[in-house]
């Protein structure tokens, strides 16, 4: 995972703080598509392009929302290769699951960032929402992109609302509450460079999971009995947890499979129509185990675990 400095590529890895803690830098592009015409980015079918990695939980959020909002025909995608080496994310047509960049014909994702800002400084990450009309990046923050897909693509998306007005405050609070201990916490655990930093992070991961387990013992989803954006943001971490984070990132106090409510919750969301089409476990394992040589020097990708995501779940009990 390199970064760009004034438009030039460097192979600099994440720098921990003085105590060995992983510090995630902020995303840079934060413009918005607005249905009310208050920005230069109007909701139009065919105008926007989404760059993603199947391996990445942040990008996975946007793929799920694109699916739930019926935007798969309106917003086309490019999918990078799961291997991320010194050159960063790249496009490799040898893998049939990858989708090349039709706009720039880029070999490396950094070319997309440079096309938006020739002096860009920052990490080269997915997801990216690209505007074909103004030839620039609109936004590269997953939380912003899913809210745009949910609320701003009026006349393009369907009418399903995954952050309805009466719940939007609690949804935003839930997403924020889960971000640092769980979504980012698995990375803080895995990328820690000291025992102190690792233990601080890993215990917070499981405190957060325990809290969600308790919530889900009382209702079907995080903010009630309807799926919301909060569930999308948690699911993408939970689905990867036992296959990757449990071993690779040393988040091994418990598996998600050991939590009766969290595990059934994962099965519930996975089995909803179209969700499995946004997933690629092969890409996910090949990325983490095959790209992070500081954590897994042999780069051997494990063959397991053997997980049945189609097993029956019990979440329907909350509908009665």
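Taking the listed residues 74, 94, 106, the one that is surrounded by fewer than 17 Cβ atoms within 10 Å (Cβ to Cβ), over 16 Å from residue 141 (Cα atoms) and either modelled with pLDDT under 95 or over 17 Å from the mean Cα position of the chain (by Cα) (or both) is 94, with no other qualifying. Within the set 302, 297, the sole residue that is without any contact (Cβ under 8 Å) to a residue 12 or more places away in the chain and outside the structural domain of residue 80 (by TED's automatic domain parsing) turns out to be 297.
Residue 252 fulfils the conditions (1) in a loop (DSSP other than H, G, I, E, B); (2) closer than 28 Å to residue 51 by Cβ; (3) in contact with a helix residue (DSSP H, G or I) (Cβ under 9 Å, 6 or more places away or on another chain) except for a single criterion, (2). Of the residues examined, residue 37 is not one that is surrounded by fewer than 17 Cβ atoms within 10 Å (Cβ to Cβ), in contact with a helix residue (DSSP H, G or I) (Cβ under 9 Å, 6 or more places away or on another chain) and assigned to a loop (DSSP other than H, G, I, E, B).
Go over the candidates 291, 217 one by one and state the one that is in contact (Cβ under 8 Å) with a residue 12 or more places away in the chain, within 20 Å of residue 174 (Cβ to Cβ) and assigned by TED's automatic domain parsing to the domain that holds residue 176. Don't jump to the end; show me each part of the working.
Values: 291 fails: within 20 Å of residue 174 (Cβ to Cβ).
Of the residues listed, the single one that is in contact (Cβ under 8 Å) with a residue 12 or more places away in the chain, within 20 Å of residue 174 (Cβ to Cβ) and assigned by TED's automatic domain parsing to the domain that holds residue 176 is 217.
Quick one: residue 105 ticks every box in (1) in contact with a strand residue (DSSP E or B) (Cβ under 8 Å, 6 or more places away or on another chain); (2) under 26 Å from residue 288 (Cα atoms); (3) part of a loop (DSSP other than H, G, I, E, B) bar one, so which box is it? With (1) in contact with a strand residue (DSSP E or B) (Cβ under 8 Å, 6 or more places away or on another chain); (2) under 26 Å from residue 288 (Cα atoms); (3) part of a loop (DSSP other than H, G, I, E, B) applied to residue 105, the lone miss is (1).
Here are the criteria: (1) assigned to a strand (DSSP E or B); (2) within 27 Å of residue 275 (Cα to Cα). Tell me which single one residue 60 does not satisfy. Failed condition: (1).
Scan the range 138-172 for residues that are closer than 24 Å to residue 25 by Cβ, over 16 Å from the mean Cα position of the chain (by Cα) and surrounded by fewer than 22 Cβ atoms within 10 Å (Cβ to Cβ) and the total you get is 1.
Suppose the filter is more than 23 Å from residue 198 (Cα to Cα), in a loop (DSSP other than H, G, I, E, B) and out of contact with any helix residue (DSSP H, G or I) (no Cβ under 7 Å at 6 or more places or on another chain); does residue 293 pass it? Before you say what the answer is, go through the steps one by one.
Numbers: more than 23 Å from residue 198 (Cα to Cα): no; in a loop (DSSP other than H, G, I, E, B): yes; out of contact with any helix residue (DSSP H, G or I) (no Cβ under 7 Å at 6 or more places or on another chain): yes.
In short, no.
Could you please let me know if residue 264 is farther than 23 Å from residue 208 by Cβ, touching a helix residue (DSSP H, G or I) at 6+ places or on another chain (Cβ under 6 Å) and touching a residue at least 24 places away in the same chain (Cβ under 8 Å)? Against the criterion (farther than 23 Å from residue 208 by Cβ, touching a helix residue (DSSP H, G or I) at 6+ places or on another chain (Cβ under 6 Å) and touching a residue at least 24 places away in the same chain (Cβ under 8 Å)), residue 264 does not qualify.
Table: residues versus (1) surrounded by fewer than 16 Cβ atoms within 10 Å (Cβ to Cβ); (2) touching a residue at least 12 places away in the same chain (Cβ under 8 Å); (3) part of a loop (DSSP other than H, G, I, E, B).
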{"site": "189", "(1), (2), (3)": "no, yes, no"}
{"site": "192", "(1), (2), (3)": "no, yes, yes"}
{"site": "199", "(1), (2), (3)": "yes, no, no"}
{"site": "205", "(1), (2), (3)": "no, yes, no"}
{"site": "209", "(1), (2), (3)": "no, yes, no"}
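Report yes if residue 314 is free of Cβ contacts under 8 Å to residues at least 40 places away in the same chain, out of contact with any strand residue (DSSP E or B) (no Cβ under 7 Å at 6 or more places or on another chain) and farther than 25 Å from residue 66 by Cβ, otherwise no. Spelling it out, it is not the case that residue 314 is free of Cβ contacts under 8 Å to residues at least 40 places away in the same chain, out of contact with any strand residue (DSSP E or B) (no Cβ under 7 Å at 6 or more places or on another chain) and farther than 25 Å from residue 66 by Cβ. Within the range 1-29, being more than 22 Å from residue 80 (Cβ to Cβ) and loosely packed, with under 12 Cβ neighbours inside 10 Å holds for 6, 15, 17, 18, 19, 23. For the range 257-275, a residue qualifies if it is part of a helix (DSSP H, G or I) and surrounded by fewer than 14 Cβ atoms within 10 Å (Cβ to Cβ), and the qualifying residues are 258, 260. Only one of the listed residues (71, 50) is within 27 Å of residue 35 (Cα to Cα) and in a strand (DSSP E or B). That residue is 50.
The values are calculated or read from the model by the stated rules, or taken from the named source; none is laboratory data. What you see is a predicted model; the values in this text were computed from it and never measured. Here the Cβ is made from the backbone with ideal geometry for all residues, glycine too, and neighbour counts use every protein chain on show.
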